[in-house]
Structures are given as structure tokens and as C-alpha cells.
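Trainee: Sending over a structure as C-alpha cells; questions will come in a sec.
The values are calculated or read from the model by the stated rules, or taken from the named source; none is laboratory data. As the structure is a prediction and not an experimental result, all values here were calculated from the model. Every residue, glycine among them, receives a Cβ derived from its backbone with ideal geometry; neighbour counts consider all protein chains shown.
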Amino acid sequence: MKRVRKLGFVILAITLIIIVYVLGVGQGWYGRPVVPTTSTPADAVKHQAVTERQQAQRDTILAIDKDPEKQILFGDFHVHTAYSLDAFLGQLPLMQGEGVHPPADACDFARYCSALDFWSINDHAESITLQRWLETKESIRQCNAGSGDLSSPDTVAFLGWEWTQGSTTKEDYYGHKNVVFLDTEEGAVPARAIAAMGQGLLKMQKAKTGVLKYLWPALDPVNRQVYYDFERFLKDTKVTFCPEGVDTRELPLDCLEYAAKPAELFEKLNQWGFPSIVIPHGTGVGHMNPVGSAWWSQLSADNHDPARQTMYEIYSGHGNSEQYRTNQSVAYDEQGKPYCPQPTVGFTPMCWQAGVIIEARCLASGSGIDECASRAEEARQLGAEAGKNAFAVVGGSEVSDWLDAGVCKDCFQPPSSLRHSTSAQAALAVRNFNKGEGESERFKFALMSSSDNHSAMPGTGYKEFDRHNTLDIRVPKQKWLADKVAKKGKPLDRAKAISSGEYIKYVERSRSYVYSGGLIATHASGRDRNSVWEAVQRKEVYGTSGPRILLWFDLLNGPDGVVPMGSDLQLDQNPHFRVSAVGAFKQKPGCPDYALSGLGAEKVDNLCHGDCYNPGDERHRITRIEVIKITPQIKPEEEIADLVFDDWKVLTCTGDEDGCTVEFYDPEFVIGARDSLYYVRAIQESTPTINGRNLRCEYDENGACIKVNPCYPHEWTDASDDCLAPSEHRAWSSPIFVDFRQDNTGAP
């Protein structure tokens, strides 16, 4: 009897322990906030390396007869840490992440791994609570305090956030924008981050892992604390929204402030009155943007502020959003109803491929030709109506079934699906013909690049290595999370398809279109914060796809002489330009001495993954200069395709390691008598690049993709396979805007 009683007590005790444990997990009792750490200051060895790098660049500048008073600095204005919900999620071990990286890790990476001259933190405002914002500001201040002499710091850290707006409809989609501030001190920056009201905010506020909160610690018990911490992160993210219609300076500190549209964001930034810039990014990336979204809608209703929204992120780890093409993912009839357009040379819409997959399954099942053709037509229509989620109407499809549908085949390092109407070239070509008071007539963006890295790794494009740890390719292992949906001979309803796990497969496909990321470069008078900021304000900036290519682009016959990239002027004569470009240094393996002395060998291995920016003495060669000319609309009915002259001129370089200098004219400017803008691409010799061939297609004799070998983010592609293939890295200059000047009579 005593034994029975004792056993009963044991069972009761175990039951109570289990109940308390389960209750505690559900309530987030065991989780801790992300612990802010302290960044490592620059030491004398690092400062000496910066001095030597400056001198090497100065020697190059003098050799090609450029202004020695300006230096080119490289940075990254798009960096996420564990204070971004999606970044924290991606850093979980069961998401194939390597652990949580707080803001201090980003500073250490920028200082010692990638050796950047400047960078900014841009966590999603939608998950930045008051406490996280306070900790972010303190981390950025610590980073700057460790940079040495503020007149010549080893790196400059800027403060900012990302405004992440999302919508399923093209009419109210405004996209993602980074906000960056000049200053970092209290009283010189906003008291809280400003989120975007939209899908991003709502998802983060409603985010929950459900039963996974109990399964994660069981599946990975060694790392269980990080899963408890993630649940705590989700719980802490859910805060009270700030009241509407109140001046941002008068709002309570502990509420979550939001702006539904860019106009509201600009208004709130103007209320604070602090120097800041706003940078749209990822605008051409199809899995983020609704089909049919376009730039011209943002030229109205105060949704563009030319004083703050001065730059456009043309390239990131999500791919290249530069080029405008006439490819249509979805078409619309006269009543505005979507339908699936026919494939064109070099482009197959995703909705069309949905029909191909369904028809092939149907025929394989023995059904008749007419029945299968009808099912294919149904799938195409469902795909057109699903827009960016066209993949979801085919239940149980594999990545390989979609071949290269939806992809811009002649674009450099494209996103998984390119939205051409929201590309950089489209933005530069449109004009607002219903301009009201205070509204903008045109976008006059400078062009830049950054990484959009979500692992606190600014400037990851210095080498093409270790894609699993250096690229944002993390997804859960399909074998334990994604549903295995039975293949069907009929198209699925979109909602059912998305809930069935089809989205996981689409994400897997998109990982063949993830890259190491780009850099912003500035022509600055010094290394200090204000010099970088002044260069940005002058728009004397450019972007690269990762390598530190040196680039100059000047108009030689301006009204007052030579003017640099980013300039905006009027001319009544044909413009005359000069371009100079020097290839990036070839990289040596491993890390330089200053990284090892500053961080220590263990942290170099863990944070830098054993490889750093480590330039040798030899440079890559520039093979050609491509000139792009755009003549912005003068009538609403003008088609964008008729105004964008991609590869307007292609100027061959000699392949000299010392660089390439070329000059060109526009003999048609005065004859055409219309505003024009010009920018250049400096193309570097091919080098091995992660995802350089994307889906790695096999082609038939007609150039059609017949088989793919995707670069999967998990064990389906060997971990040692970095999916390297030759790719021509490049630098994009900011445009020079040359408006046609007429005399008082309106005659040329």
C-alpha cells in the first residue's frame, strides 16, 4: 500500500512538473530578452591598416589623375540584427542558423571581418520596442566610441531602422524603406522607431509559433534556451499602438508608433526635424511586391520627399532591381480582370508554367487531351488571380517543376521574380503629370547598394564563400516542418495551397536568387561622419555588387565646369562625359593580422567564419563600361520601354589592371530637346560567384530551360557546394541629370 501511495506521489509530482513546464513554456517564463553585448574597439594595428589602405587608394587616384582631396569610402546602409523578428527566427539552430547576433556583433563584423568605412543598423521598426531602441542606440554609440579619433575613425556607425510596409494589392503598396540618421545622441534622434502599418506590422504583432514552442526545445534540447528566448521576443514585441493624430514628439514613449503611408512617415520625420535620409529598397523583388505595383503611384499625395528620399538601393542580397523589361507576369483585360499572358522570347510567366505542370500531370494520369487542356487553363487563371503567389495553385509541386518561369534571364543577378514597373529604371523614367502643390514631378534618385544581411554581418560581399553562414538562405528543414502534399491532377484553391506548405517550396526556389550583397560607395572629403553624410547629400555615391570597385563619372562641360555623378543641371549643348573605373583588389585567403589581434582567433572563426576582407596587391580588370540613357516622360501615354536605353553605349576597356578611362558624347541631346539622365555600369572580369547561375539550368538547342539543379538551402545541396559560377560583378554610378535648357521663347 505504501508503495502504491509512494508511486502515486511520484506520478503526481511528475505530472505537476510537466504541467508547470508546459504552462511556463506557453507563458514565456523561461525566455530572456536578447542580451546586448559590448563591441570590440579598434586597436593600433587596425588603425595602421586603415592608414595603409588610404595610402594605397590615394596612389591609385593620383595615377589616374583624379582629385586627391576626395577618397572613396565603402559602406553598408542595410543591416539587420537579432532585434529584427525575421532575423532572430533565421538565427535559430533549427532554421539552420548559428545563434543570436545582437547589434554589437554587427559592429565587430564591420570593423574586423569586412573592414567597412561606415555602416548603419536597420532593424525592422515593427519589432523594435522602446527597450530595443534604447539598446540599439547604446550599441551604436559604443561602436563609434571604439573607432578612435572621430576626425578619422576606422569605421562610422549610423543609426536607423527599416520601415517595412506590405500589402496584397498594388494600389496601396509602398514597399520597404530604410531610414538613416546623421546623429546618434539623445535629443538628436527620435525617441522611438516608426513602424509601417501593413502586413509586416500585423504579422509581427500576431506572430506566434503555436505548438512549435513546445516542440522546438524537444527537437533541439541542447539549444533549448534560444527557443525560450525567441518566445520571449515574440511576447515582448506585442505592445500597444500609439494613438493617431498626435504630434510624434508628444506621444508616450512606450507605445508602438506607425505610419500607414510614406507621406505619414515623412510628416513624422519632419516633426522631429533631425537630419535623415530614406532609402527605398527591394522594389523589384517579386516575392515582396504585388503584381502590378508601380513607382508612379508614389509621386502623388506627398508620398515622396525629395529632400529625404534621395537614394535608391539598386542591388542587395535579394538581387538586382535595376532593369526595366516588358515581360508581363500577369496581364489585365479592359475590365481590369487579371489573366495569364502568353510566354515571350526569354520569359515564361509563373501562371503559365502552373498550367504546364497541371496539364502534364493530367495527361500522365490517362485523362483526355481536352480535359487536360481545360485543367491547364483553369490553373493559369488561378495563377493570374493569385499574383505573386501563383506557385501556390499547384499542390505538391517540386522546385524543379517550375524550371526558370518568372525569371528575367538577361538580367545580372536578378531577384527570384522581377517587378519591372518598380525597377530603378522605371522610377527614373516616370513623371507626375498631375503635380499638385508640394508634390514631386520626378524621382531624381542617387543609386547605391547594400547587403540587407539578417545576421549582423555588414558588407558580406567581400568574398564569395560559406553560403550557408554568410547568405540569408535559412529555411526550416523540409523533412520535419513542411507538409508533404500528395501530387494532384487538378489545381488547388490558392488559400488551401498556401496553408499546405507550398510556400516553403517557393522559398527554397528563391534561395537560388540570394547573393552575398552589395556596398554603397561615397566620394568623401574625409573619413568622419559629416564627410560621409555630405557626400550622401551631394548624391556623390554609387553602388557595387560586393567588390570594392573604384568608379568616377563626370560631366565635363557643365555650366561651371566639371560636375560629378549625382549632379542635377541644365544644358543647351550636347553633354560630354568621362568615366574612370579601377577593379577591386583580389582577395587573399584568411584574415589580416589586425582581425586576429583585435578579435582573437576564436571570434574570427565564429564571427568572420575564418575569412575576412584581405586584399592583395593585384586588382581585377575592368572589361567594359556600359552607358544607360533615360529620357523621362513628357506625355503620360509614353511607354517606359521607349524611354529606357539600356546599354545605350558599350565602351570596351583594354583590360589593364591600372583601370579604364573612357569619354563619350550624346550627339542627340540638342536635337532631341528633352530632359535626359545618364548613368554607367563598370563591368569587372568574371569571377566565381555564389548563385552565379541561379537555378543552374540545362538548355535545349533552342535555348529553353529543360532541367534545373537548384541551390537548395539545406542538405539536398551538399553543404560544401557554394553553387559558384562565373559572374561579372559591377559598379553602378549615380545618374547625372541633364535637363534641356531652352531660351525665354521656349525655342532650343
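Trainee: Is it the case that Ser440 is under 16 Å from Asn303 (Cβ atoms) and of a type in the set (Ser, Thr, Tyr)?
Mentor: Details: under 16 Å from Asn303 (Cβ atoms): yes; of a type in the set (Ser, Thr, Tyr): yes.
Criteria met by Ser440.
Trainee: Here is a further query. Checking the conditions here, which among Cys351, Cys340 is touching a Ser or Thr at 6+ places or on another chain (Cβ under 8 Å) and either within 25 Å of Gly703 (Cα to Cα) or not assigned by TED's automatic domain parsing to the domain that holds Ser400 (or both)? Talk me through it step by step, then tell me what you get.
Mentor: Working: Cys340 fails: touching a Ser or Thr at 6+ places or on another chain (Cβ under 8 Å).
Unique residue meeting the criteria: Cys351.
Trainee: Quick check on Met448: is it in contact with a helix residue (DSSP H, G or I) (Cβ under 7 Å, 6 or more places away or on another chain) and either assigned by TED's automatic domain parsing to the domain that holds Thr81 or part of a strand (DSSP E or B) (or both)? Spell out how you get there, then give the answer.
Mentor: Values: in contact with a helix residue (DSSP H, G or I) (Cβ under 7 Å, 6 or more places away or on another chain): no; either assigned by TED's automatic domain parsing to the domain that holds Thr81 or part of a strand (DSSP E or B) (or both): yes.
Here the answer is no, as Met448 does not meet what is asked.
Rundown of residues vs (1) at pLDDT 95 or above; (2) out of contact with any strand residue (DSSP E or B) (no Cβ under 6 Å at 6 or more places or on another chain); (3) assigned to a strand (DSSP E or B); (4) surrounded by fewer than 24 Cβ atoms within 10 Å (Cβ to Cβ), yes/no style:
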{"site": "Ala486", "(1), (2), (3), (4)": "no, yes, no, yes"}
{"site": "Gly489", "(1), (2), (3), (4)": "no, yes, no, yes"}
{"site": "Leu492", "(1), (2), (3), (4)": "no, yes, no, yes"}
{"site": "Ala495", "(1), (2), (3), (4)": "no, yes, no, yes"}
{"site": "Arg527", "(1), (2), (3), (4)": "yes, yes, no, yes"}
{"site": "Ser531", "(1), (2), (3), (4)": "yes, no, no, yes"}
{"site": "Tyr542", "(1), (2), (3), (4)": "yes, no, yes, no"}
{"site": "Gly546", "(1), (2), (3), (4)": "yes, yes, no, no"}
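Trainee: Please go through (1) assigned to a helix (DSSP H, G or I); (2) touching a Gly at 6+ places or on another chain (Cβ under 6 Å); (3) crowded, with 22+ Cβ neighbours inside 10 Å for Arg232 and return the number of the only condition it doesn't satisfy.
Mentor: (3)
Trainee: Follow-up question, since we're still on this one. Which condition does His176 not pass, out of (1) surrounded by 15 or more Cβ atoms within 10 Å (Cβ to Cβ); (2) modelled with pLDDT under 90, if it passes all the others?
Mentor: (2)
Trainee: Among helices (runs of 4 or more DSSP H) lying entirely in the stretch 349-440, which contain 2 or more residues that are among the acidic types (Asp, Glu) and touching a residue at least 40 places away in the same chain (Cβ under 8 Å)?
Mentor: Values: elements: 350-364, 369-386, 424-429.
The qualifying helices (runs of 4 or more DSSP H) are 369-386.
Trainee: Based on this model, can you work out whether Phe391 counts as aromatic (Phe, Trp, Tyr), modelled with pLDDT under 90 and surrounded by fewer than 24 Cβ atoms within 10 Å (Cβ to Cβ)?
Mentor: Details: aromatic (Phe, Trp, Tyr): yes; modelled with pLDDT under 90: yes; surrounded by fewer than 24 Cβ atoms within 10 Å (Cβ to Cβ): no.
Against the criterion (aromatic (Phe, Trp, Tyr), modelled with pLDDT under 90 and surrounded by fewer than 24 Cβ atoms within 10 Å (Cβ to Cβ)), Phe391 does not qualify.
Trainee: Check the stretch 209-216 and report whether any residue there is assigned to a strand (DSSP E or B) and either under 25 Å from the mean Cα position of the chain (by Cα) or touching a residue at least 12 places away in the same chain (Cβ under 8 Å) (or both). Full working, then the answer.
Mentor: Quick first cut of the stretch 209-216, residues assigned to a strand (DSSP E or B) only: none.
Among the residues of the stretch 209-216, not one is assigned to a strand (DSSP E or B) and either under 25 Å from the mean Cα position of the chain (by Cα) or touching a residue at least 12 places away in the same chain (Cβ under 8 Å) (or both), which makes the answer no.
Trainee: Going by what's in this entry, would Ala195 be described as assigned to a loop (DSSP other than H, G, I, E, B) and within 21 Å of Asp247 (Cβ to Cβ)? I'd like the intermediate steps shown before the answer.
Mentor: On the way: assigned to a loop (DSSP other than H, G, I, E, B): no; within 21 Å of Asp247 (Cβ to Cβ): yes.
Judged against the criteria, Ala195 is not a match.
Trainee: When the residues of the stretch 298-337 are filtered to those that are in contact with a Ser or Thr (Cβ under 7 Å, 6 or more places away or on another chain) and among the acidic types (Asp, Glu), which remaining residue is farthest from Phe77 (Cα to Cα)?
Mentor: Checked the stretch 298-337; the qualifying residue farthest from Phe77 (Cα to Cα) is Glu322.
Trainee: Among the residues of the stretch 98-135, which ones are polar (S, T, N, Q), in contact with an Asp or Glu (Cβ under 7 Å, 6 or more places away or on another chain) and surrounded by 24 or more Cβ atoms within 10 Å (Cβ to Cβ)?
Mentor: So the first thing to find is which residues in the stretch 98-135 are polar (S, T, N, Q), and the list is 114, 120, 122, 127, 129, 131.
Then drop every residue that is not in contact with an Asp or Glu (Cβ under 7 Å, 6 or more places away or on another chain), which leaves 122, 129.
Once the filter is applied, which keeps residues that are polar (S, T, N, Q), in contact with an Asp or Glu (Cβ under 7 Å, 6 or more places away or on another chain) and surrounded by 24 or more Cβ atoms within 10 Å (Cβ to Cβ), the stretch 98-135 yields only Asn122.
Table: residues versus (1) farther than 19 Å from Asp410 by Cβ; (2) of a type outside the set (Ser, Thr, Tyr); (3) touching a residue at least 24 places away in the same chain (Cβ under 8 Å).
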| residue | (1), (2), (3) |
| --- | --- |
| Ile279 | yes, yes, yes |
| Ser293 | yes, no, yes |
| Trp296 | yes, yes, yes |
| Asn303 | yes, yes, yes |
| His318 | no, yes, yes |
| Thr326 | no, no, yes |
| Asp333 | yes, yes, no |
| Pro341 | no, yes, no |
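Trainee: Could I ask something else about it? Please enumerate the residues belonging to the stretch 54-92 that are modelled with pLDDT of 95 or more, more than 17 Å from Ser525 (Cβ to Cβ) and not in a loop (DSSP other than H, G, I, E, B).
Mentor: Within the stretch 54-92, Asp76, Val79 meet the criteria.
Trainee: Sticking with this one: Scanning for something under 26 Å from Lys137 (Cα atoms) and either surrounded by 12 or more Cβ atoms within 10 Å (Cβ to Cβ) or modelled with pLDDT under 75 (or both), does the stretch 11-25 turn up at least one residue? Lay out the reasoning, then the answer.
Mentor: Our first condition is that a residue be under 26 Å from Lys137 (Cα atoms); within the stretch 11-25, this holds for none.
No, the conditions are met nowhere in the stretch 11-25.
Trainee: Could I ask something else about it? Filtering the stretch 153-173 down to residues that are assigned to a loop (DSSP other than H, G, I, E, B) and at pLDDT 95 or above, which residue is farthest from the chain's Cα centre (by Cα)? Even if it seems obvious, please write down each step before you answer.
Mentor: First, pick out the residues of the stretch 153-173 that are assigned to a loop (DSSP other than H, G, I, E, B): 153-155, 165-169, 173.
Retained after the next criterion (residues that are at pLDDT 95 or above): 153-155.
Values: Pro153: 27, Asp154: 25, Thr155: 22 Å.
Applying the filter and picking the extreme gives Pro153.
Trainee: Same structure, new question: In the list Leu403, Leu418, which residue meets the criterion of being surrounded by 23 or more Cβ atoms within 10 Å (Cβ to Cβ) and out of contact with any His (no Cβ under 7 Å at 6 or more places or on another chain)? Full working, then the answer.
Mentor: Working: Leu403 fails: surrounded by 23 or more Cβ atoms within 10 Å (Cβ to Cβ).
Leu418 is the lone residue from the list that is surrounded by 23 or more Cβ atoms within 10 Å (Cβ to Cβ) and out of contact with any His (no Cβ under 7 Å at 6 or more places or on another chain).
Trainee: While we're looking at this one, here's another question. Just to be sure, is Ser397 of a type in the set (S, T, N, Q), buried (at least 22 other Cβ atoms within 10 Å of the Cβ) and more than 19 Å from the chain's Cα centre (by Cα)? Steps first, please.
Mentor: On the way: of a type in the set (S, T, N, Q): yes; buried (at least 22 other Cβ atoms within 10 Å of the Cβ): yes; more than 19 Å from the chain's Cα centre (by Cα): yes.
When the stated conditions are applied, Ser397 passes them.
Trainee: Just checking, does the stretch 409-416 include any residue being touching a Lys or Arg at 6+ places or on another chain (Cβ under 8 Å), modelled with pLDDT of 90 or more, closer than 30 Å to Cys612 by Cα and of a type outside the set (Lys, Arg)?
Mentor: Yes.
Trainee: Could you figure out which of (1) surrounded by fewer than 19 Cβ atoms within 10 Å (Cβ to Cβ); (2) part of a loop (DSSP other than H, G, I, E, B); (3) at pLDDT 95 or above isn't true of Val670?
Mentor: Going through the list (1) surrounded by fewer than 19 Cβ atoms within 10 Å (Cβ to Cβ); (2) part of a loop (DSSP other than H, G, I, E, B); (3) at pLDDT 95 or above, Val670 breaks only (2).
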